[in-house]
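The values are calculated or read from the model by the stated rules, or taken from the named source; none is laboratory data. Computed from a prediction, not measured in an experiment: that's the story for all the values here. No Cβ is skipped: glycine too gets one built from the backbone with ideal geometry, and neighbour counts run over all protein chains shown. All accessible areas refer to the heavy atoms of the entire protein, side chains included, with ligands and DNA or RNA removed. Shrake-Rupley method; radii C 1.70, N 1.55, O 1.52, S 1.80 Å.
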Amino acid sequence: MSQYQYLTMACKDATDQDEEVDFILNGESLVIVAVEVCLQNGIKDAHEKLINAFPNHKVMTTYAPLFNYFQSVLELQTLEAELSIGDSAMGDHRLDKAFHWKELKAQKH
């Protein structure tokens, strides 16, 4: 079983009063209002706790290292741009490929 910490988040629909939006899913703007941190075996409990506390909100879970990964990729892209590197260094991880989806899609055609 994974020892990663997971983040389970209750998200409300964003309004004009919200200063920022945390997620946009299929055009729906969401703002995080509560977070539970757990291990993989605690996801169900965290999800139920937030559903009960915020029944009209969307609840989603992701593993915490994902956010660190995104930050690293963004920093790498900024560094590559500053150094004017033509081709970025794409790894074999599925998320590396997700950041380079346009190039991968173009290669298939």
Could we say that residue 66 is among the hydrophobic types (A, V, I, L, M, F, W, C) and either open to solvent by 70 Å² or more (accessible area, probe 1.4 Å) or at pLDDT 95 or above (or both) here? no
Test result for residue 33, in contact with a Lys or Arg (Cβ under 6 Å, 6 or more places away or on another chain) and not polar (S, T, N, Q): yes
Options 73, 59: the member that is out of contact with any Pro (no Cβ under 8 Å at 6 or more places or on another chain) and at pLDDT 85 or above: 59
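Does the range 37-50 hold any residues that are open to solvent by 60 Å² or more (accessible area, probe 1.4 Å) and in contact (Cβ under 8 Å) with a residue 12 or more places away in the chain, and which are they?
Applying the first criterion (open to solvent by 60 Å² or more (accessible area, probe 1.4 Å)) to the range 37-50 yields 37, 39-41, 44-45, 47-49.
37, 39, 40, 41, 47, 49, listed by residue number.
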Per-region count, the range 1-36, residues over 16 Å from residue 57 (Cβ atoms) and open to solvent by less than 80 Å² (accessible area, probe 1.4 Å): 3
For the range 50-83, how many residues are in contact with a strand residue (DSSP E or B) (Cβ under 6 Å, 6 or more places away or on another chain) and assigned to a helix (DSSP H, G or I)? 2
